[in-house]
Amino acid sequence: MSIFKPYRFYSKSAIEYQASHLLRRMQGRGCQFAPSWPFDATLVADFLDLGVVWERIPSDELGAIAARILPQQRLIEINEDILNLPQGFQESTLAHEIGHWVLHINQEVADGITSPTEEQKTDIFNSNEPFFCRGKGSSRELESIEWQAQYFAGCLLMPRHILLAKAQQRDLTLWPHLYELKDELGVSISNLVNRLQDLGWIYVLKNSRQIYPGQAAIDGDVPLFG
């Protein structure tokens with residue numbers, strides 16, 4: 001049994017369920033871990049007993065590294081260069097790594113609960129290196145893994161019910177309303193727009209600033225336009 005789970009396809013609904021289940025578990029632990037917004041992703045790391053440190057992570061031959069996981073140390077390292085970016089990028093990066101932890105790390109092996117077979121020991125313990133993926137320019141599976149972690153991050157930081165509550169009396173086709181919403185959620189504007197488009201609430205033309213109601217809004221599934 002490897003410290004890294006075998007690749008598998010996750011649907012959007014399956015990833016959203018995993019993120020929602022994690023938030024419900026946190027809510028069930030009482031005030032100490034009850035999620036609130038603007039969202040603090042370090043609260044999730046604390047709940048999962050994951051350490052988070054900010055380090056200078058040098059680039060390698062493939063480019064910059066935003067963050068990485070040391071599974072057997074239950075540690076997430078985030079490149080301190082991200083501290084120079086708006087707060088929403090920091091939350092998204094940490095939530096992305098938490099997505100990898102939940103979806104792609106075999107936590108029982110990482111914690112030593114399940115022992116590897118003799119044939120697997122070399123692979124696992126010689127690969128006691130940081131876990132990070134390269135999306136673009138790698139392989140289709142790695143691109144999918146990166147997408148899965150980022151979609152998980154969006155679901156974790158912006159659950160549907162929170163979006164519905166905070167979007168009331170706002171017109172999501174207006175950029176000023178979106179910027180107000182992103183501040184209340186504690187996310188970046190790009191992450192908010194991507195999440196709303198994934199949900200089908202809005203649609204933004206490529207290379208344009210024009211926002212239109214998405215299919216879910218057109219169908220009347222979400223009353224989100226003032």
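The values are calculated or read from the model by the stated rules, or taken from the named source; none is laboratory data. In this text the structure is predicted, and so the values were computed from the model without any measurement. Note that each Cβ is placed from the backbone with ideal geometry, even for glycine, and that neighbours are counted across all protein chains shown. Remember, those area values only see protein heavy atoms, side chains included, never the ligands or the DNA or RNA. Shrake-Rupley method; radii C 1.70, N 1.55, O 1.52, S 1.80 Å.
Could you order the peptides 38-45, 203-210 from most to least packed, using the average number of other C-beta atoms within 10 Å per residue? Don't skip to the answer; put the middle values down first.
Numbers: 38-45: 18.5, 203-210: 9.2.
Packing proxy ranking, top to bottom: 38-45, 203-210.
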- Item | the range 138-175 and the range 24-43: distance between their alpha carbon centers, rounded to Å | 18
- Item | In the chain, lysine pairs closer than 24 Å at Cα, eight or more apart or cross-chain | 9
- Mind listing the long-range amide H neighbours of residue 4? Cut-off is under 5 Å, sequence gap 5 or more, other chains count too, H placed in the peptide plane at 1.01 Å from N. 106
- Item | Helix-derived mean residue ellipticity, 222 nm - over the chain, DSSP H n ≥ 4, -39500 (n - 2.57), to 500 | -14000 deg cm²/dmol
- Query: Residues with amide H under 5 Å of residue 172's amide H, sequence separation 5 or more or different chain, H placed in the peptide plane at 1.01 Å from N; which?
  - Reply: 226
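Could you do me a favour and compute the accessible area per residue for the range 1-51, 1.4 Å probe, result in Å²? Walk me through the intermediate numbers first.
Working: 2960 Å² over 51 residues.
It amounts to 58 Å² per residue over the range 1-51.
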- Percent accessible area from carbon and sulfur atoms, the chain, protein chains only, probe 1.4 Å: 51
